[in-house]
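Presented below is the structure to which this report refers.
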Amino acid sequence: MFARRHWIPPGGLLFAQAAAGLSWMLLLWIALHGSIDSISGPALAWIHLVAIGWFSVAALAVLLHVIPGFTDLRWRFEGVARASLGVLAVGVVAFALSLFAAQRFAGITAVAIAAALLCYVSAAWATLAQTRQLERTERAIARAISLVLVMLVAVAAMGVLLALDLSGSVVGAWIARLPAAHANLGFYGWLSLLVYGVSVRTVLPICGATSRFAWMHVLVGTSTLVGASMLAAGLAIGKASIIWPGAVLVGVGAVAYAADVGDIVRRATTRHRPPQAFVAVSVIWLLVAVAFGASVLAGRPFALAYGFLLLVGWVGQIMNAHMLHLGTRVIATVYRGDDDETRPSELLDVRLSWTSFVLFQGAVAFTACGLAFDLPWSVACGAIIGAGAWIVMTLNLVLARGHARNSHGSLANAERACELHDEPNPSNESEPSGDAETIEKGQNSRKHPQDDDRIAEA
């Protein structure tokens, strides 16, 4: 499985899926111990297990394909970028454990995570700097990805300061406002901005349709980039005159993105519907989260529910959509080769896909209500339902792996039989699936997604 260099590292996606399952178990532990009304050590461990272990590790693994796929650039120092993902995964586990049980080690583990991220980002920047030979659109995409990675570095730097403060290495009243700035810049400047940009291309194979409004992407990217920066800066210095304009810009970006995605899903032609449902519901949770965020700025005690809805409701559900589609494509290529074009719907059990979808939405709703109104039993129910949803989705992916592996064995036997009898290879007679659900994979010299209408992120 790991003998060759895959277009997306399967180890990164496996770790992210494991972190997702562990996060639901940790959430249940927190609810049962009655500590849902404050940001305790276990709560901090949960937040970073989700934000870094689940989301960021998966996102950086996918970026190994996205950067050459969107820009036609060849990776520089790709080995460094891939190795840093392994260090990052180990660092996340150590950081979460330190937050949970031994906070005096939080600073050193946070430094290790930041170092791994800096190695990855440095390799990515070195790659994206090769823009001289690119067309205008590819140059714009390279600049957009570079800016998103700048946001990641800024979030990591603030995280190191907060971790050092938690471990007693940094002391100062000035750091009291930093957690809110760190969180919101991570929510919008890193995770949301990355999803906005990458989904420009990934919604095509998921839905069979793409955006009709190029200007909408400019609005979403620009307003979120500027708004997230203003919101974080305003929260860090305590200036409402900066906080509210930043929040408004972030909200404009979220509403515009939701409208665009809603139009795409409405016109979807791909028959594999569960990933589309996850995409649609993720933007609904995004809008709900933005509304909760506005209420928090107005003084309502919904900060915990707001953070959960952004993480698990918004980013978590669109991650699930990509896991059902992109994750399944990775599974297929691991066992069938990088040129395989098997549709995810051929490997997944649609009944399990829909079951996980329903359970995940119940988990988000129960947990958000419990956090908003201080109901530990509701959070516990949400955690149990979420764990069940994760088990169902994981089972579905395991079954997809079995289907891909068995089919690969059958095809290999057929090829050997053809060689013995000197007959045409049946694998070469099948027609490629050239519909919108197929993404041509490739790293560096291979082609990438087929849609030539590349839309630049501002």
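The numbered conditions (1) hydrophobic (A, V, I, L, M, F, W, C); (2) touching a helix residue (DSSP H, G or I) at 6+ places or on another chain (Cβ under 9 Å); (3) in contact (Cβ under 8 Å) with a residue 60 or more places away in the chain are all true for ALA129 except (3). Restricting segment 68-84 to residues that are closer than 16 Å to VAL57 by Cα and of a type in the set (A, V, I, L, M), the residue that is nearest to the chain's Cα centre (by Cα) is ALA81.
Within the option set GLY53, GLY11, GLY107, being assigned to a helix (DSSP H, G or I), surrounded by fewer than 23 Cβ atoms within 10 Å (Cβ to Cβ) and under 22 Å from the mean Cα position of the chain (by Cα) holds for one residue only, GLY11. Does segment 282-297 contain at least one residue that is modelled with pLDDT of 95 or more and not in a helix (DSSP H, G or I)? Within segment 282-297, not a single residue is modelled with pLDDT of 95 or more and not in a helix (DSSP H, G or I). Determine whether THR137 is at pLDDT 95 or above and either surrounded by fewer than 21 Cβ atoms within 10 Å (Cβ to Cβ) or in a helix (DSSP H, G or I) (or both). Spelling it out, it is not the case that THR137 is at pLDDT 95 or above and either surrounded by fewer than 21 Cβ atoms within 10 Å (Cβ to Cβ) or in a helix (DSSP H, G or I) (or both). Checking each residue in segment 346-384 for being closer than 16 Å to ILE36 by Cβ and of a type in the set (Val, Ile, Thr) picks out VAL364, THR367, VAL379, ILE384. Going by the conditions given, is ILE47 out of contact with any His (no Cβ under 7 Å at 6 or more places or on another chain), touching a residue at least 60 places away in the same chain (Cβ under 8 Å), farther than 27 Å from TYR306 by Cα and in a helix (DSSP H, G or I)? No; evaluated as a whole, the condition is false for this residue. Taking each residue of segment 70-81 that is touching a residue at least 40 places away in the same chain (Cβ under 8 Å) and looking for partners that are part of a helix (DSSP H, G or I) and hydroxyl-bearing (Ser, Thr, Tyr) with beta-carbon atoms closer than 7 Å, six or more apart or interchain, yields LEU73/THR127; TRP75/THR127; ARG76/THR127; ALA81/TYR120. Residues of segment 160-209 that are aromatic (Phe, Trp, Tyr) and more than 25 Å from GLY41 (Cα to Cα): TYR196 alone. I want to confirm something. Restricting to segment 216-228 and keeping residues that are under 19 Å from SER146 (Cβ atoms) and surrounded by fewer than 20 Cβ atoms within 10 Å (Cβ to Cβ), which single residue is modelled with the lowest pLDDT? Ranking the candidates gives VAL218 first. So is VAL203 aliphatic (A, V, I, L, M), part of a helix (DSSP H, G or I) and surrounded by 22 or more Cβ atoms within 10 Å (Cβ to Cβ) or not? So VAL203 passes the test.
The values are calculated or read from the model by the stated rules, or taken from the named source; none is laboratory data. Just so it is clear, the model here is predicted, and its values are computed rather than measured. Backbone-built Cβ (ideal geometry, glycine too); neighbour counts: all protein chains shown.
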